[in-house]
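Enquirer: Here you go, one structure.
The values are calculated or read from the model by the stated rules, or taken from the named source; none is laboratory data. Only a predicted model underlies this, so the values are computations on that prediction, with no experimental measurement involved. Cβ placement follows ideal geometry from the backbone for every residue including glycine, while neighbour counts extend to all protein chains displayed.
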Amino acid sequence: MPAIEVEHLTKTYGSARGIQDISFSIERGEIMGFLGPNGSGKTTTMRILTCFFPPTGGSARICGHDILEDPFSVRRSVGYLPESVPLYRDMTVADYLGFFAGIKGIPRRARAAAAAEVMERCGLERHARRMIGMLSKGFRQRVGIAQAMLGSPEVLILDEPTVGLDPRQIAEIRDLIKSLGGSRTVILSTHILPEVSMTCDRVIIMYEGRLLAVDTPANLVQRIQALPRLYIEADAPADGLAAALIRVDGVRAVDPAPGQSGSSAACILETEPGAAVTNDVARCVCEQGWTLRSLGPASMTLEEIFIRLIDEQEGRA
Amino acid sequence: MTMLTILSKELRSYFSSLIAYVVIAMFLIVAGYSFYTYLVMFLTFVGADLKVGLWQYTFHYLRFAPLTLIPLLTMRLFAEEKKMGTIELLFTAPVRDLDIILGKYCACLLVYGLMLALTLLYPALIALYFSVEPGPLLACYLGLLLLGAACIACGTFVSSLTENQIVASIVTVAVLLTLWNLDWNEGVAGRQAVAVLHQISLSEHFLNFIKGVIDTDSVVYYLSLVFFFLFLTRCSLATRTWGLK
């Protein structure tokens, strides 16, 4: 039985659309990433799965419990970190975790031990007696994750667990989440592409309330890069560079791109699939007497990936 | 069980955030001064009935506590959680809405009860020199406690409607004063209307208690107000499931 099964989930807010016909399933022990820009429906989906509010249509089961028929069992098996990382700032870390241990139904005697366990897991032991309001953003984030982990729920739902952290903290949180994989089912949302490929077993890509793709990060990258694109930067007049490159065999389109320095011009080249044009492009630039500064595969922004996937889907339909 | 967890957390946050100390201190200053003033008045105009009259005057004055101080205690109950987003954690934890409401309500009631208990010093002082009849005094305290219980329920409800604590306290004061003054328009309202207004206004029932009368009607009235407002609070929390957010 999958840990999470979602079927045709829909949520509308008045006339505004939240999410539309979302279906997927997540196996036990899997780390699933929700990837999408702001407003794509990630938080709405998570709030439905945590029984914060019910869907307008469709159904979902968590560990076999239906979110509408048995919300209490669902809540018991889910640990949740909302995007805003809500905390009682006037409480100490230990008191805060002790309070939520009580809320989650852990017997009074076991609460301190449960709090100590998650504090150790999240590296908070030395801060147990500190006021949450006095902690840095990174530690507050850990308190939020520790709260979600209290009582060892089978499913963890983390809404943007690394947002606003510095790179070192992001790496630490990422390691923490990875260490949960296998034993717990984890859903985490993000709008940062590398984060998903580093942490998640599979990715759900959402855009404007729709589910665009469910796949492993490696497969997604392959699908997206089926159409190769090159980034080139050279000391050349912008118009001249574009005009010269479009004449190279195998180049389908040339889009101007912002260059790294003021004196150089840069372009993104869309090339024919399967064509090896790198040498020709380099030769073309050198023949013109321009200095080649950079030439390599173009990285895609998240927006471009979404547009790609939408095109792909609509082309198929 | 979870209700007790919430109750003790609320109590702790009342005292750790100083709100409880400030409100209780303000109350004791004003209450102490009014008690002193009335006591001096009764001692000066010898012949007045100290046993009932002093309490009647003092407690009539003490109505300011539920009407103006309770909104300061209740304003944070839900508004603060909504503002900080912690309400989302409570709503997604295995807790019933009713446990959340009762935990918060009872915590506030306990703070209010403590506030009233501190004024027991006045009858204790009087008892050193005069005999104090417990009956009328008990009625006075019961009246003030029940009035407070109703006001706290009202404040809890209003706090569940907004995430702005200031708005919550102002609206609560307005609602409570309106409920208090409801039967003051005897001159213009028809006789039947006044009879109804008497029944539903906060003041009429309270006056019974401070005269030393414990009327079942009045007890039932205040308790029904408590149920009514707590029921409304529950409905207000349930609106999240309507998708309005």
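Enquirer: With A:G58, A:G33, A:G39, A:G79 as the choices, which residue is in contact with a Ser or Thr (Cβ under 9 Å, 6 or more places away or on another chain), more than 11 Å from every other protein chain (Cβ to nearest Cβ) and more than 18 Å from A:D201 (Cβ to Cβ)? Can you show your working first?
Expert: On the way: A:G33 fails: more than 18 Å from A:D201 (Cβ to Cβ); A:G39 fails: in contact with a Ser or Thr (Cβ under 9 Å, 6 or more places away or on another chain); A:G79 fails: more than 11 Å from every other protein chain (Cβ to nearest Cβ).
None of the other options fit; the residue is A:G58.
Enquirer: Looking only at the stretch B:70-114, filter to residues that are among the polar types (S, T, N, Q) and under 22 Å from B:S169 (Cβ atoms); which one of those is surrounded by the fewest Cβ atoms within 10 Å (Cβ to Cβ)? Working first, answer last.
Expert: To start, the set of residues in the stretch B:70-114 that are among the polar types (S, T, N, Q) comprises B:74, B:86, B:92.
This time we only want the ones that are under 22 Å from B:S169 (Cβ atoms), so: B:74, B:86.
Numbers: B:T74: 28, B:T86: 19.
Out of the qualifying residues, it is B:T86.
Enquirer: Just give me the residues in the stretch A:188-213 being among the hydroxyl-bearing types (S, T, Y) and part of a strand (DSSP E or B), in sequence order. If you could, list the steps in order and put the result at the bottom.
Expert: Going residue by residue through the stretch A:188-213, those that are among the hydroxyl-bearing types (S, T, Y) are A:189-190, A:197, A:199, A:207.
Once the filter is applied, which keeps residues that are among the hydroxyl-bearing types (S, T, Y) and part of a strand (DSSP E or B), the stretch A:188-213 yields A:S189, A:T190, A:Y207.
Enquirer: Just checking, which of A:G151, A:G164, A:G123, A:G133 is at positive phi, more than 21 Å from the chain's Cα centre (by Cα) and surrounded by fewer than 18 Cβ atoms within 10 Å (Cβ to Cβ)?
Expert: Values: A:G151 fails: surrounded by fewer than 18 Cβ atoms within 10 Å (Cβ to Cβ); A:G164 fails: more than 21 Å from the chain's Cα centre (by Cα); A:G133 fails: at positive phi.
Sole residue among the options that is at positive phi, more than 21 Å from the chain's Cα centre (by Cα) and surrounded by fewer than 18 Cβ atoms within 10 Å (Cβ to Cβ): A:G123.
Enquirer: Which condition breaks for A:L35 when tested against (1) touching a helix residue (DSSP H, G or I) at 6+ places or on another chain (Cβ under 7 Å); (2) of a type in the set (A, V, I, L, M); (3) modelled with pLDDT of 90 or more?
Expert: With respect to (1) touching a helix residue (DSSP H, G or I) at 6+ places or on another chain (Cβ under 7 Å); (2) of a type in the set (A, V, I, L, M); (3) modelled with pLDDT of 90 or more, A:L35 is out only on (3).
Enquirer: Just checking, which of A:V74, A:V93, A:V6 is among the β-branched types (V, I, T), within 22 Å of B:P94 (Cα to Cα) and within 11 Å of another protein chain (Cβ to nearest Cβ)? Break it down into steps so the answer makes sense when it comes.
Expert: Working: A:V93 fails: within 11 Å of another protein chain (Cβ to nearest Cβ); A:V6 fails: within 11 Å of another protein chain (Cβ to nearest Cβ).
It is A:V74.
Enquirer: I've got another one for you. Could you tell me which numbered condition B:A25 fails, if it satisfies all but one of (1) touching a Gly at 6+ places or on another chain (Cβ under 8 Å); (2) away from chain A (no Cβ under 14 Å)?
Expert: (1)
Enquirer: Moving to a separate point now. Would you confirm whether or not the stretch B:72-93 contains a residue that is hydroxyl-bearing (S, T, Y) and away from chain A (no Cβ under 14 Å)?
Expert: Within the stretch B:72-93, one or more residues are hydroxyl-bearing (S, T, Y) and away from chain A (no Cβ under 14 Å).
Enquirer: State whether one or more residues within the stretch B:157-167 are surrounded by fewer than 17 Cβ atoms within 10 Å (Cβ to Cβ), assigned to a helix (DSSP H, G or I) and more than 14 Å from chain A (Cβ to nearest Cβ).
Expert: Yes, the stretch B:157-167 contains a residue that is surrounded by fewer than 17 Cβ atoms within 10 Å (Cβ to Cβ), assigned to a helix (DSSP H, G or I) and more than 14 Å from chain A (Cβ to nearest Cβ).
Enquirer: Starting from residues that are touching a helix residue (DSSP H, G or I) at 6+ places or on another chain (Cβ under 8 Å) and at pLDDT below 75, keep the ones in the stretch A:275-308 and report whichever is farthest from A:I204 (Cα to Cα).
Expert: Going through the qualifying residues, I end up with A:M300.
Enquirer: Could you list, in sequence order, all residues of the stretch B:86-124 that are of a type in the set (S, T, N, Q) and either in a helix (DSSP H, G or I) or under 23 Å from B:F27 (Cβ atoms) (or both)?
Expert: Just the residues of the stretch B:86-124 that are of a type in the set (S, T, N, Q), to begin with: B:86, B:92, B:119.
Hits for the stretch B:86-124 are B:T86, B:T119.
Enquirer: Can I ask one more? Restricting to the stretch A:1-24, what's the tally of residues that are loosely packed, with under 13 Cβ neighbours inside 10 Å and touching a residue at least 60 places away in the same chain (Cβ under 8 Å)?
Expert: Pass one, the stretch A:1-24, residues loosely packed, with under 13 Cβ neighbours inside 10 Å: A:1, A:14-16.
Narrowing the set further to residues that are touching a residue at least 60 places away in the same chain (Cβ under 8 Å) leaves A:1.
The total comes to 1.
Enquirer: Further question: Which of the numbered conditions does B:G212 fail, given that it passes all the others? Conditions: (1) at pLDDT below 90; (2) within 14 Å of another protein chain (Cβ to nearest Cβ); (3) not in a helix (DSSP H, G or I).
Expert: The single condition B:G212 does not satisfy is (2).
Enquirer: Exactly one of these conditions fails for A:P54: (1) touching a strand residue (DSSP E or B) at 6+ places or on another chain (Cβ under 9 Å); (2) closer than 19 Å to B:I100 by Cβ; (3) crowded, with 20+ Cβ neighbours inside 10 Å. Give me its number.
Expert: Checking A:P54 against (1) touching a strand residue (DSSP E or B) at 6+ places or on another chain (Cβ under 9 Å); (2) closer than 19 Å to B:I100 by Cβ; (3) crowded, with 20+ Cβ neighbours inside 10 Å, the one that fails is (3).
Enquirer: Looking only at the stretch A:225-243, which residues are assigned to a helix (DSSP H, G or I) and crowded, with 19+ Cβ neighbours inside 10 Å? Outline the logic, then answer.
Expert: Going residue by residue through the stretch A:225-243, those that are assigned to a helix (DSSP H, G or I) are A:238-243.
Passing the criteria: only A:L241.
Enquirer: What number of residues in the stretch B:179-204 are touching a helix residue (DSSP H, G or I) at 6+ places or on another chain (Cβ under 7 Å) and not in a loop (DSSP other than H, G, I, E, B)?
Expert: Going through the stretch B:179-204, the residues touching a helix residue (DSSP H, G or I) at 6+ places or on another chain (Cβ under 7 Å) turn out to be B:179-180, B:182-183, B:186, B:189, B:198, B:201-204.
Now restrict to residues that are not in a loop (DSSP other than H, G, I, E, B): B:179-180, B:198, B:202-204.
Matching residues across the stretch B:179-204 total 6.
Enquirer: A further question on this structure: Can you tell me which of (1) over 25 Å from A:I173 (Cα atoms); (2) crowded, with 17+ Cβ neighbours inside 10 Å; (3) at the interface with chain B (Cβ under 9 Å from one of its Cβ atoms) is the one A:R47 doesn't meet?
Expert: (1)
Enquirer: Only one of these conditions is not met by A:D66: (1) over 12 Å from A:A148 (Cβ atoms); (2) more than 7 Å from chain B (Cβ to nearest Cβ); (3) under 27 Å from the mean Cα position of the chain (by Cα); (4) touching a residue at least 12 places away in the same chain (Cβ under 8 Å). Which number is it?
Expert: So A:D66 meets the others, but not (4).
Enquirer: Here are the criteria: (1) of a type in the set (K, R); (2) within 13 Å of chain B (Cβ to nearest Cβ); (3) not in a loop (DSSP other than H, G, I, E, B). Tell me which single one A:R174 does not satisfy.
Expert: (2)
Enquirer: Looking only at the stretch B:70-85, decide whether some residue is part of a helix (DSSP H, G or I) and without any contact (Cβ under 8 Å) to a residue 60 or more places away in the chain. Show your work before the answer.
Expert: Taking the stretch B:70-85 first, the residues part of a helix (DSSP H, G or I) are B:70-74, B:76-84.
Going one step further and asking which of them are without any contact (Cβ under 8 Å) to a residue 60 or more places away in the chain, we end up with B:81, B:84.
Yes, the stretch B:70-85 contains at least one residue that is part of a helix (DSSP H, G or I) and without any contact (Cβ under 8 Å) to a residue 60 or more places away in the chain.
Enquirer: Among B:R240, B:R234, which is within 30 Å of B:E88 (Cβ to Cβ) and within 14 Å of chain A (Cβ to nearest Cβ)?
Expert: Details: B:R234 fails: within 14 Å of chain A (Cβ to nearest Cβ).
When all the criteria are applied, what remains is B:R240.
Enquirer: Scan the stretch B:41-53 and give yes if some residue there is touching a Ser or Thr at 6+ places or on another chain (Cβ under 7 Å) and either surrounded by 19 or more Cβ atoms within 10 Å (Cβ to Cβ) or in a helix (DSSP H, G or I) (or both), otherwise no.
Expert: As a first pass, look at the stretch B:41-53 and keep what is touching a Ser or Thr at 6+ places or on another chain (Cβ under 7 Å): none.
Checked the stretch B:41-53: no residue is touching a Ser or Thr at 6+ places or on another chain (Cβ under 7 Å) and either surrounded by 19 or more Cβ atoms within 10 Å (Cβ to Cβ) or in a helix (DSSP H, G or I) (or both).
Enquirer: Would you check if B:S236 is among the hydroxyl-bearing types (S, T, Y), under 30 Å from A:I48 (Cβ atoms) and surrounded by 17 or more Cβ atoms within 10 Å (Cβ to Cβ)?
Expert: Yes: the conditions hold for B:S236.
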